[in-house]
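What follows is a set of notes on a single structure, which appears directly below.
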Amino acid sequence: MLERIARDRVATLFLVTVAVLSLVGLAAPGFLSAGTATIIWSNGLVLMLVALGIFPVILTRNIDVSGGSILGLSAVVLGLALNDGFALPLALGFALGAGIFAGVVNGLLVAGLGVPSIVATLGTLGLFRGVMLITTGGEWIEELPEALKSLGAKSFGGLSIMGIITALVIVAVWWFLRSRRGRWVMVTGDNREAARHLGLPVRRIELLAFTWAGAMYALAGITFAAQIGFVPNQAGNGIELRAIAALVLGGISLLGGVGSVGGVVIGVIFFTSIDTSLVFLKIPAYWNDLIGGAMLLGVLLIDGRLRIALEARDRAARYRRGSQAEQKSRPLEDAA
Amino acid sequence: MKRYVMRWEVLLLAILVVELLIFGMINPRFLRPSSLLFGTSDFVQVGIVAVPLTLVIIAGGIDVSFASTVGLAAIAFGIANFFGLPLPLSLLVGFATGALAGVLNATIIRLTRLQPLVVTLGSLYMFSGAATVLSGVVGANGYEGIGGFPAGFTALGYAQVMGLPMPLFVFLCFAAVLLVLLHLTRFGRLVFQIGLNENAARHSGMPVFRVQLMTYVLTGLAAALAGIMLSAYFGSARVDLGSATLLPAITAAVLGGASIYGGKGSVLGTVIATFIIGYLQQGLQMSGVPSQISSALSGALLVLVVALRHGAALLREFLPERAAQAN
């Protein structure tokens, strides 16, 4: 049982999420319904997209903390383009382009110049937020057209268009990571030098991971603008840390090479369900951070101790096997 | 001679001088001693947390939770004061909260063997959450914070010592203590050694955990110091007192020469970098540049300086090869 918990983080976290949700369901009747499920899904969309963006970057053993700023920047590009009278598809293209460009900047700094990714993206976190504020002049962008808001409104079976796109992205990432080239990402993160000696284009893989992240932040920015209908100055502030926390909870190792899409999804849903449950339980919102942080630390603590215990047991078992094999082989040697 | 001139700190000092001269040319009032001196009160709290953070980074760790610890310690101090504890005891409560936060971080990192970034990210949320909940206990609302400090305490925020404003004086004293601690003591050598190779340090019997614990506790104490100083300066303890120090403090440590991989860095570098970052923001504001742009510029500064350093290192690896080919 313990072994399963430690080995399969996704299943464990899924069970914990179900347990938490059913407990909340007991305390607040009417919570457990399809309606709540779609609410959790749509509340978690922006976080999900940001997490899906950081995911490949972390798999390559880098980190990207500039997500919140790129989200804000592309949301602003979208808003300004729309309010200047560009057609919606064109404006969406601009926003995606801005996100991809920002991702390429990160990628060039890390893969090209060899700047440690945490330092590079901390710098661009400030840089892109500043660029965003300069373009808006510090003002909020309001009165976004209805066509954009309809992207975030419920349409098919309780899901919004962005919700469906996110689901497709999740399937795409899952499919890609199973493919041959998808494994390259894992290999790069697991052992960069070995990957390089095997002839993998390590730098290009890193650059592409950051570019993908930029594109996902742009999608998150579009979703954000579509859902709330305006773009405040602080759009996306701090979401990168939440996303990284959700990824860690979902079993994605910051040491690279380990993690699954299932982990990303369940990590984000767990975080979002806690926030949503607190609303249902009528607990004031200011408890969110304390409960979320304590749960994150608790999961990390239990998981870390379990992993260490398992490793020690495995090692002890190996030693035992080793010494038994030695005893068995000795008589043979004597006979010879 | 070359050993003293060709140093990162000297280059930083040159950047600082050039920066001050440029802002002086744009706005001569910027260079008045009084504005240079008293302007520091707006940014020394960044330096106060950045200096012990440098120690954490040199020892191979990282701490992002200090940004919440500042607020948490300030709130703890404010609550102790609110319930009528005498000032020294309230101060003790504040500092103890900061130290405890450091102990918690180091212990969880040690117990789980997880990356410090992950653990302190979790505690970043938990501490700010705890501070918010605590401030709710005494019915303070988020923006006003907990006030009602004795007049003698709030006067400290504006007091002067030897012609220096109090916050700057505290910062310089604190930095001097850590400078000695890091560069002139056994403990400091241990910090560098552990950052260079933690396993080697452990196998040669160095007290790895105790040293790392010390660095995190120092960061927690510094965060408490910053929180209490800011409460005196603003006259109230708020949850979000430290949130604006997160990025500038890490920037200052990295700009000051600390390597994120551990084993490299200096207190002096971080101190100079703090002034570069602080005066950059102030100079830009006095030159009439909106604060949005100054945040972009300090981000750009970090990217540029670090890119230059790594670019120069790449170039150095490149050049001897070229020279060999030319022969």
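The values are calculated or read from the model by the stated rules, or taken from the named source; none is laboratory data. It should be emphasised that the depicted structure is a prediction, and the values quoted were computed from it without experimental measurement. Heads up, the Cβs are rebuilt from the backbone with ideal geometry, glycines too, and the neighbour counts pull from every protein chain shown.
General observations
- Members of region B:78-105 found to be closer than 22 Å to B:Asp240 by Cβ, more than 10 Å from chain A (Cβ to nearest Cβ) and of a type in the set (A, V, I, L, M, F, W, C), listed by number: B:Ile79, B:Ala80, B:Phe82, B:Leu91, B:Val93, B:Phe95, B:Ala96, B:Ala99, B:Leu100, B:Ala101
- Residues of region A:257-302 satisfying the condition of being more than 12 Å from every other protein chain (Cβ to nearest Cβ), part of a helix (DSSP H, G or I), within 12 Å of the chain's Cα centre (by Cα) and crowded, with 21+ Cβ neighbours inside 10 Å: A:Val261, A:Gly263, A:Val264, A:Val265, A:Ile266, A:Gly267, A:Val268, A:Ile269
- Scanning region B:106-136 for residues that are under 15 Å from B:Phe66 (Cβ atoms), of a type in the set (Ser, Thr, Tyr) and more than 7 Å from chain A (Cβ to nearest Cβ) returns a single hit, B:Thr120.
- Positions within region A:109-122 being touching a residue at least 24 places away in the same chain (Cβ under 8 Å) and within 7 Å of chain B (Cβ to nearest Cβ), in sequence order: A:Ile118, A:Leu122
- Some residue of region A:190-205 being at pLDDT below 90, in contact with a Leu (Cβ under 6 Å, 6 or more places away or on another chain) and farther than 16 Å from A:Gly67 by Cβ: no
- The set of residues from region A:43-63 being within 13 Å of A:Leu208 (Cα to Cα) and in a loop (DSSP other than H, G, I, E, B) comprises A:Thr60, A:Asn62.
- Boolean, A:Ser323 is small (Gly, Ala, Ser), in contact (Cβ under 8 Å) with a residue 60 or more places away in the chain, part of a helix (DSSP H, G or I) and out of contact with any Phe, Trp or Tyr (no Cβ under 7 Å at 6 or more places or on another chain): no
- Yes/no for A:Gly221 being at pLDDT 80 or above, in contact with a Leu (Cβ under 6 Å, 6 or more places away or on another chain) and surrounded by fewer than 20 Cβ atoms within 10 Å (Cβ to Cβ): no
- Qualifying residues in region A:124-166 (those that are within 14 Å of chain B (Cβ to nearest Cβ), part of a helix (DSSP H, G or I) and without any contact (Cβ under 8 Å) to a residue 40 or more places away in the chain) - the one nearest to B:Pro248 (Cα to Cα): A:Gly130
- Residues satisfying the stated conditions in region B:49-65, i.e. of a type outside the set (Val, Ile, Thr), within 14 Å of another protein chain (Cβ to nearest Cβ) and surrounded by 24 or more Cβ atoms within 10 Å (Cβ to Cβ): B:Ala50, B:Leu53, B:Gly61, B:Asp63, B:Ser65
- Restricting attention to region A:303-324 and to residues that are of a type in the set (D, E, K, R) and closer than 24 Å to A:Ala246 by Cα, the residue that is nearest to the chain's Cα centre (by Cα) turns out to be A:Asp303.
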